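A short write-up of the structure that comes next.
The values are calculated or read from the model by the stated rules, or taken from the named source; none is laboratory data. None of these values were measured; they are calculated from a predicted model. Positions of Cβ are generated from backbone atoms using ideal geometry, with glycine treated the same way; all protein chains shown enter the neighbour counts. Calculation scope for accessible area: heavy atoms of the full protein, side chains included, ligands and nucleic acids excluded. Shrake-Rupley method; radii C 1.70, N 1.55, O 1.52, S 1.80 Å.
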Amino acid sequence: MIRNIPVFALAACFFLSTGIISCTKDEKQPLLSTRLAGKWKKVRYATDDNVNGLLDEWETHPVDSATSNILEFKQDSTGVEYTTNSPELLFSWYITSEQTLSFAYKNSETTIFKIARINSANLELTTRTKNGLVGYYYDRTN
């Protein structure tokens, strides 16, 4: 029995060290609403011209350099859309489910978007219209 004590001690040290290593603090992703807050400039858009349900690379086009389109998401779930030569459009926004974003414009129009991608520099939104799938690609401006 005394010969087995080093084996038991070694096993106990192994399990104890494994438990300590596995207790590292997990890095939490910021909330989607926190990542969305700020100003985003539209740089490209896409339309599903071949109606295959996908936005193919050849269906993606740059925004005309003479046009500026900025979405500003505020922390209080309100926002403003600024477009060259157009009045500002006020909206409220909320995340309805994972990766789904709803815009309720002050003119009573509501649009539902899927957040296809979001990171610290890029935002990609898609929506379905009567003409098919549409995509909007934004770069963070602040």
- Message: Using each residue's phi in the stretch 58-64, evaluate 6.51 cos²θ - 1.76 cosθ + 1.60 at θ = phi - 60° and report the 3J(HN,Hα) Karplus result to the nearest Hz, with x for Gly and Pro.
- Response: 6, 8, 9, 10, x, 6, 3
- Query: Hey, quick one: spin label on Arg35, modelled 7 Å out along Cα-Cβ, who in the stretch 115-142 has an amide N within reach, i.e. under 17 Å?
  - Reply: 115-126, 136-142
- Query: What does the accessible area of Thr78 come to, in Å² to the nearest 10, when a probe of 1.4 Å is used?
  - Reply: 50 Å²
- In the stretch 41-96, which GluC sites (Glu not before Pro) are in a loop and have at most 13 other Cβ atoms within 10 Å, using DSSP for the loop call? Glu88
- Name the shape class, rounded, prolate or oblate, that the alpha-carbon gyration tensor gives for the stretch 48-93, where a ≥ b ≥ c are the square roots of its eigenvalues, rounded holds for a/c under 1.5, and otherwise prolate holds if a/b is larger than b/c and oblate otherwise. oblate
- Query: Which trypsin sites (Lys or Arg not before Pro) from the stretch 34-103 combine a DSSP loop assignment with at most 14 other Cβ atoms within 10 Å?
  - Reply: Lys74
- Item | Solvent exposure, largest accessible area first (probe 1.4 Å, DNA, RNA and ligands not counted), of Ile95, Ile118 | Ile95, Ile118
- Working out 0.36 nm times the residue gap between Ile95 and Arg140, then minus their Cα-Cα distance, what length gain in nm do you get to one decimal? 14.3 nm
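Hey, any idea what the orientation-averaged projected area of the convex hull of the stretch 41-142's Cα atoms comes to, in nm²? Don't skip to the end; give the middle numbers.
Numbers: hull surface 28.7 nm².
Seen from a random direction, the Cα hull of the stretch 41-142 projects 7.2 nm² on average.
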- What Kirkwood radius, in Å to one decimal, follows from the Cα pairs of the stretch 84-137? 12.3 Å
